[in-house]
Amino acid sequence: AGLPEVAATVYSNLHLEAQLQPGEWLLVHGGGSGIGTFAIQWAKAIGARVVVTAGSDAKRERCRQLGAEAAIDYRGEDWPAQVRAATQGHGADVILDIVGARYLDGNVACLAVGGRIVVIGLQGGTRGELDLAALLMRRGTLMATSLRARPTEQKAAICAGLVADVWPLLGSGRILPVIDQVLPLDQVRLAHEQLAAGSVTGKLVLQVGPSSDR
């Protein structure tokens, strides 16, 4: 329950779309999320370096444990400047962004030359103003993707890639699912409240049926 969708999202966007390479810097917004915790581990496994943003001390510490070299408080810090500092002035080669419009300027500001921004969420709004001159100076690329709307053949190709490239990393223990907690289905309201409060690190799994092995 904690693996297939996040694995497909991370693999399709970071490998197939942004083509993250060993040695490159990856910035993950929402590092403590299900996607974020998986992205940290996958990027480290292929030899990339990772910086994240996260909103609590506990989440930032968990991100560091998973392999992030820097974990930035987006609420209280100038996070674009912090990303620049963490990468020794290089900037982020790839940015995985779940926020959208609100982070557009900041993403461009901390983008490395030749960097790629991949927008996969719109938590911070759908409309923003883009400084094209700043993006041009960095020879940057801005892309936006959706996993669920893809044709069946594209989804099948992503799943085949997971089997070939990602599942062996799971089998060897280099990537592990990060499960915050498992709740029975009748506590779905509590689950949504915890997600809305931002207190969940990794995935929150709902258990169907009375047996713990289902």
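Observations on the structure shown:
- Residue check, G32 crowded, with 24+ Cβ neighbours inside 10 Å, of a type outside the set (D, E) and under 17 Å from A197 (Cβ atoms): yes
For every residue, the table says whether it meets (1) surrounded by 24 or more Cβ atoms within 10 Å (Cβ to Cβ); (2) of a type in the set (F, W, Y); (3) under 21 Å from L170 (Cβ atoms); (4) modelled with pLDDT of 95 or more.
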residue: L3; (1), (2), (3), (4): no, no, yes, no
residue: V10; (1), (2), (3), (4): yes, no, yes, yes
residue: I40; (1), (2), (3), (4): yes, no, yes, yes
residue: S56; (1), (2), (3), (4): no, no, no, no
residue: R60; (1), (2), (3), (4): no, no, no, yes
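- Some residue of region 75-83 being open to solvent by 70 Å² or more (accessible area, probe 1.4 Å), in a loop (DSSP other than H, G, I, E, B), out of contact with any Gly (no Cβ under 6 Å at 6 or more places or on another chain) and in contact (Cβ under 8 Å) with a residue 12 or more places away in the chain: no
- A search for C-beta distances below 7 Å between a residue of region 121-145 that is modelled with pLDDT of 95 or more and any residue that is exposed (fewer than 12 other Cβ atoms within 10 Å of the Cβ) and of a type in the set (A, V, I, L, M), counting only pairs 6+ apart in sequence or on different chains, returns R138/V113; R139/V113.
- Residues satisfying the stated conditions in region 102-131, i.e. farther than 15 Å from T145 by Cβ, open to solvent by 20 Å² or more (accessible area, probe 1.4 Å) and not in a loop (DSSP other than H, G, I, E, B): R102, L104, D105, A109, V113, G114
- All positions within region 135-172 that are aliphatic (A, V, I, L, M), surrounded by 12 or more Cβ atoms within 10 Å (Cβ to Cβ) and more than 29 Å from G114 (Cβ to Cβ): L170
- Annotation: of all residues in region 84-101 being of a type in the set (A, V, I, L, M) and outside any helix (DSSP H, G or I), the one that is most open to solvent (accessible area, probe 1.4 Å) is I98.
- Verdict on Q19 being at pLDDT 95 or above and open to solvent by 20 Å² or more (accessible area, probe 1.4 Å): yes
- Strands (runs of 3 or more DSSP E) enclosed by region 1-73 - at least 3 residues per element that are more than 22 Å from T141 (Cα to Cα) and of a type outside the set (D, E): 70-73
The values are calculated or read from the model by the stated rules, or taken from the named source; none is laboratory data. Everything numeric in this text was worked out from a predicted model, so none of it was measured. Positions of Cβ are generated from backbone atoms using ideal geometry, with glycine treated the same way; all protein chains shown enter the neighbour counts. In case anyone asks, the SASA skips ligands and DNA or RNA and just uses the protein heavy atoms, side chains included. Shrake-Rupley method; radii C 1.70, N 1.55, O 1.52, S 1.80 Å.
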